[in-house]
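Undergrad: A single structure is presented below for examination.
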Amino acid sequence: MLSNKVYIIGGAVISVLFVALAMVEFSTGYPEDGLQDLLYAVVSAGAGALLYVLDRRQRERRAAAEAQRDAR
(Lines give C-alpha, C1' and ligand atoms only; values in the text may rest on other atoms or scores of the structure.)
Protein backbone atom coordinates (compact mmCIF):
# COMPACT_ATOMS: atom_id res chain seq x y z
CA MET A 1 0.00 0.00 0.00
CA LEU A 2 1.31 3.42 -0.91
CA SER A 3 1.86 5.97 1.82
CA ASN A 4 -0.16 9.13 2.06
CA LYS A 5 2.88 11.19 1.05
CA VAL A 6 2.87 9.56 -2.38
CA TYR A 7 -0.75 10.57 -2.86
CA ILE A 8 -0.04 14.10 -1.61
CA ILE A 9 2.85 14.52 -4.05
CA GLY A 10 0.77 12.99 -6.83
CA GLY A 11 -2.06 15.42 -6.15
CA ALA A 12 0.34 18.36 -6.31
CA VAL A 13 1.90 17.16 -9.56
CA ILE A 14 -1.47 16.56 -11.18
CA SER A 15 -2.66 19.98 -10.02
CA VAL A 16 0.35 21.67 -11.63
CA LEU A 17 -0.19 19.73 -14.84
CA PHE A 18 -3.85 20.77 -14.99
CA VAL A 19 -2.88 24.42 -14.47
CA ALA A 20 -0.34 24.15 -17.30
CA LEU A 21 -2.94 22.52 -19.54
CA ALA A 22 -5.44 25.25 -18.69
CA MET A 23 -2.92 27.93 -19.64
CA VAL A 24 -2.36 26.24 -22.99
CA GLU A 25 -6.08 25.96 -23.64
CA PHE A 26 -6.70 29.59 -22.69
CA SER A 27 -3.98 30.72 -25.07
CA THR A 28 -5.29 28.58 -27.94
CA GLY A 29 -8.84 29.89 -27.66
CA TYR A 30 -10.66 27.22 -25.64
CA PRO A 31 -11.67 29.07 -22.44
CA GLU A 32 -14.38 26.57 -21.48
CA ASP A 33 -11.88 23.71 -21.49
CA GLY A 34 -9.38 25.88 -19.62
CA LEU A 35 -11.93 26.58 -16.88
CA GLN A 36 -12.68 22.87 -16.62
CA ASP A 37 -8.96 22.14 -16.24
CA LEU A 38 -8.70 24.78 -13.53
CA LEU A 39 -11.57 23.09 -11.72
CA TYR A 40 -9.71 19.79 -11.91
CA ALA A 41 -6.59 21.51 -10.58
CA VAL A 42 -8.52 22.85 -7.59
CA VAL A 43 -10.04 19.43 -6.90
CA SER A 44 -6.69 17.65 -7.05
CA ALA A 45 -5.02 20.30 -4.88
CA GLY A 46 -7.88 20.01 -2.39
CA ALA A 47 -7.51 16.25 -2.30
CA GLY A 48 -3.79 16.59 -1.68
CA ALA A 49 -4.41 19.09 1.12
CA LEU A 50 -7.00 16.82 2.70
CA LEU A 51 -4.59 13.90 2.62
CA TYR A 52 -1.89 16.10 4.16
CA VAL A 53 -4.18 17.03 7.06
CA LEU A 54 -5.25 13.42 7.56
CA ASP A 55 -1.62 12.27 7.47
CA ARG A 56 -0.65 14.79 10.15
CA ARG A 57 -3.53 13.71 12.38
CA GLN A 58 -2.60 10.07 11.93
CA ARG A 59 1.01 10.81 12.92
CA GLU A 60 -0.14 12.75 15.98
CA ARG A 61 -2.35 9.85 17.07
CA ARG A 62 0.49 7.37 16.62
CA ALA A 63 2.85 9.57 18.61
CA ALA A 64 0.29 9.94 21.40
CA ALA A 65 -0.34 6.18 21.46
CA GLU A 66 3.40 5.47 21.63
CA ALA A 67 3.85 8.02 24.42
CA GLN A 68 1.00 6.45 26.34
CA ARG A 69 2.42 2.97 25.78
CA ASP A 70 5.88 4.09 26.92
CA ALA A 71 4.40 5.69 30.04
CA ARG A 72 3.08 2.33 31.23
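Undergrad: In debye to the nearest 20, how big a dipole does the stretch 8-72 give about its Cα centre with +1 on each Lys and Arg Cβ and -1 on each Asp and Glu Cβ?
TA: 700 debye
Undergrad: A further question on this structure: At 7 Å along the Cα-to-beta-carbon direction for both Ala49 and Arg72, put a label point, then send me their distance in nm to one decimal.
TA: It is 3.9 nm.
Undergrad: Please turn the phi angles of the stretch 23-40 into ³J(HN,Hα) values with the Karplus equation 6.51 cos²θ - 1.76 cosθ + 1.60 (θ = phi - 60°), one per residue in order, whole Hz, x for glycine and proline.
TA: Along the stretch 23-40, the couplings run 4, 5, 5, 5, 6, 8, x, 10, x, 5, 5, x, 5, 5, 5, 5, 4, 4 Hz.
Undergrad: Let me ask something else. Distance between Cα centroids, the stretch 48-70 to the stretch 14-37: provide it in whole Å.
TA: 36 Å
Undergrad: Using the Karplus equation 6.51 cos²θ - 1.76 cosθ + 1.60 (θ = phi - 60°), what ³J(HN,Hα) coupling, rounded to whole Hz, does each residue of the stretch 41-46 give in order, writing x for Gly and Pro?
TA: Values, residue by residue: 5, 5, 5, 5, 5, x Hz.
Undergrad: From the phi of every residue in the stretch 10-17, what ³J(HN,Hα) in whole Hz does the Karplus formula 6.51 cos²θ - 1.76 cosθ + 1.60 yield, where θ is phi - 60° and glycine or proline is x?
TA: Running phi through 6.51 cos²θ - 1.76 cosθ + 1.60 with θ = phi - 60° gives x, x, 5, 5, 4, 4, 5, 5 Hz.
Undergrad: For the chain, what does the relative contact order come out to in percent, with C-alpha contacts under 8 Å and a separation of six or more?
TA: That works out to 38 percent.
Undergrad: Something else now. For q values of 0.16, 0.22 Å⁻¹, compute log₁₀ I(q)/I(0) with the Debye formula on a Cα-only model of the stretch 2-71, without solvent.
TA: -0.62, -0.85
Undergrad: Within a Cβ distance under 13 Å of Ala65, other residues only, what is the Lys/Arg minus Asp/Glu net charge?
TA: Net charge in that neighbourhood comes out at +3.
Undergrad: With label points built 7 Å along Cα→Cβ from the Cα atoms of Ser3 and Tyr30, find their separation and express it in nm.
TA: 3.8 nm
Undergrad: Could you do me a favour and compute the accessible area per residue for the chain, 1.4 Å probe, result in Å²?
TA: On a per-residue basis, 79 Å².
Undergrad: If you roll a 1.4 Å probe over the chain with all protein chains in place, what percent of the accessible area is carbon or sulfur?
TA: C and S atoms contribute 66 percent here.
The values are calculated or read from the model by the stated rules, or taken from the named source; none is laboratory data. All values derive from a computational prediction rather than experimental measurement. As a convention, Cβ positions derive from the backbone with ideal geometry for all residues, glycine included, and neighbour counts pool all protein chains shown. The accessibility values were calculated without ligands, DNA or RNA, using every heavy atom of the protein model including side chains. Shrake-Rupley method; radii C 1.70, N 1.55, O 1.52, S 1.80 Å.
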